[in-house]
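Everything below concerns the one structure shown next.
The values are calculated or read from the model by the stated rules, or taken from the named source; none is laboratory data. Bear in mind the structure is a predicted one, so any value in this text is a computation, not a measurement. Glycine also receives a Cβ, built like all others from the backbone with ideal geometry; neighbour counts cover every protein chain displayed.
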């Protein structure tokens, strides 16, 4: 009997010892990161509310990781906007653009008023002048609808403007608007329609005998061919026909555009070294001739090719240069794309300060473009 009582006592002591060890381990594993529970006896097991241990506060790096994860939600919307604005900047106005030129792409919150602004300009114009600027206004209105993504309305107004210019016998303006409509079809992926218009414009250029117009039309036609899957033919057209035509016309800006278009065709095929080489050729021309309007896109595309080629350090430096140029020319879509790319590159490299700065700038630009917030002067 005494032996059994002794064993029972030893078992009880062992259980108390084991519980003490477990409680000690539990207390070590559940550290009081908040600094509040330390005021209490965390080992107390009497009557009362349990002690809750809060997780440690997130570090600045972890909070930034969360913000970048959230950014992925609107990335598709931003990418579509940036792509759309690239096409918008290829569009051209007709007429003298007296008042219409001041209507630049507007925030989505202003969509409902853009048509009214442009059509009111017609009402303010005298009856004699009204007939002359009607088609110009319709063309400008269609451009704004492209900027806003209202493509059905854009096509409708481009077609109205083309009919008016054709009725007036103004072939030059008709061709400009046909170019705009072809750009719109190209964006929409309606490549058969874009090709038909481009072929028509090229045939007209051949009849006119203008070397520069032929080169321009054939260059645009080649880009559509490449997007239709005929890249080798498109490359040959530019190298063997377009570039020599621009040389013959002594059009260096056109020759730089030809090299840029050739780079676009190689980029479509993910041939980034070839694309980079022709972008460098284009840059050499614009630097020599002082063709500054082409420089932002050239530098931006150089940064893009270097990023895709696995050369992030050089890409970052190119993006910085492109950003300065885009700010100078007020190219908001490009600035947004640059901050998006810079932020991702910094984040991947573990440069959290650079990533945070790029993300803040990205958010600011996004709010200006999509929420109509006013930019803050630095």
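Pairs linking a residue in the range 301-324 that is over 20 Å from residue 260 (Cα atoms) to a residue that is surrounded by fewer than 16 Cβ atoms within 10 Å (Cβ to Cβ), with Cβ atoms under 8 Å and 6 or more positions apart or on different chains, are 312/348; 312/349.
If the condition is being touching a residue at least 24 places away in the same chain (Cβ under 8 Å) and either buried (at least 18 other Cβ atoms within 10 Å of the Cβ) or in a helix (DSSP H, G or I) (or both), then the range 218-234 contributes 218, 219, 220, 221, 222, 223, 224, 225, 226, 227, 231, 234.
On the basis of being within 20 Å of residue 83 (Cα to Cα) and in contact with a helix residue (DSSP H, G or I) (Cβ under 8 Å, 6 or more places away or on another chain), does residue 285 make the cut? So residue 285 does not fit the description; no.
Selection over the range 235-270 of residues that are surrounded by 15 or more Cβ atoms within 10 Å (Cβ to Cβ) and either in a loop (DSSP other than H, G, I, E, B) or touching a strand residue (DSSP E or B) at 6+ places or on another chain (Cβ under 7 Å) (or both) gives a count of 2.
Pairs meeting the criteria (first residue in the range 80-95 and on the phi < 0 side of the Ramachandran plot and touching a residue at least 24 places away in the same chain (Cβ under 8 Å), second residue surrounded by fewer than 16 Cβ atoms within 10 Å (Cβ to Cβ) and part of a helix (DSSP H, G or I), beta carbons under 8 Å, at least 6 apart or on different chains) are 93/101. Checking 183, 206 one by one, the residue that is surrounded by fewer than 16 Cβ atoms within 10 Å (Cβ to Cβ), part of a helix (DSSP H, G or I) and touching a helix residue (DSSP H, G or I) at 6+ places or on another chain (Cβ under 7 Å) is 206 and no other.
When residue 141 is tested against (1) in a helix (DSSP H, G or I); (2) surrounded by fewer than 23 Cβ atoms within 10 Å (Cβ to Cβ), only condition (2) is not met. Checking the stated criteria, residue 335 turns out not to satisfy the condition of being surrounded by fewer than 19 Cβ atoms within 10 Å (Cβ to Cβ), in a helix (DSSP H, G or I), touching a helix residue (DSSP H, G or I) at 6+ places or on another chain (Cβ under 9 Å) and touching a residue at least 24 places away in the same chain (Cβ under 8 Å). Of all residues in the range 222-238, those that are over 25 Å from the mean Cα position of the chain (by Cα) and within 14 Å of residue 269 (Cα to Cα) total 5. When residues in the range 352-367 are screened for being farther than 22 Å from residue 76 by Cα and buried (at least 16 other Cβ atoms within 10 Å of the Cβ), 2 of them pass. Checked against (1) buried (at least 19 other Cβ atoms within 10 Å of the Cβ); (2) closer than 26 Å to residue 265 by Cα, residue 346 passes all but condition (2). Every condition in (1) at pLDDT 95 or above; (2) under 25 Å from residue 178 (Cα atoms) is met by residue 279 except one, and the failing one is (2).
Here is a yes/no grid of residues against (1) part of a loop (DSSP other than H, G, I, E, B); (2) touching a strand residue (DSSP E or B) at 6+ places or on another chain (Cβ under 8 Å); (3) at pLDDT 65 or above:
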residue: 73; (1), (2), (3): no, no, yes
residue: 85; (1), (2), (3): no, no, yes
residue: 91; (1), (2), (3): yes, no, yes
residue: 111; (1), (2), (3): no, no, no
residue: 114; (1), (2), (3): no, no, no
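Considering only the range 27-45, I want to know if a residue exists there that is at pLDDT 65 or above, assigned to a helix (DSSP H, G or I) and in contact with a helix residue (DSSP H, G or I) (Cβ under 6 Å, 6 or more places away or on another chain). Within the range 27-45 (the criterion being at pLDDT 65 or above, assigned to a helix (DSSP H, G or I) and in contact with a helix residue (DSSP H, G or I) (Cβ under 6 Å, 6 or more places away or on another chain)), the answer is no, since none of the residues qualifies.
Every condition in (1) under 29 Å from residue 70 (Cβ atoms); (2) over 18 Å from the mean Cα position of the chain (by Cα); (3) assigned to a helix (DSSP H, G or I) holds for residue 273 except the one numbered (1).
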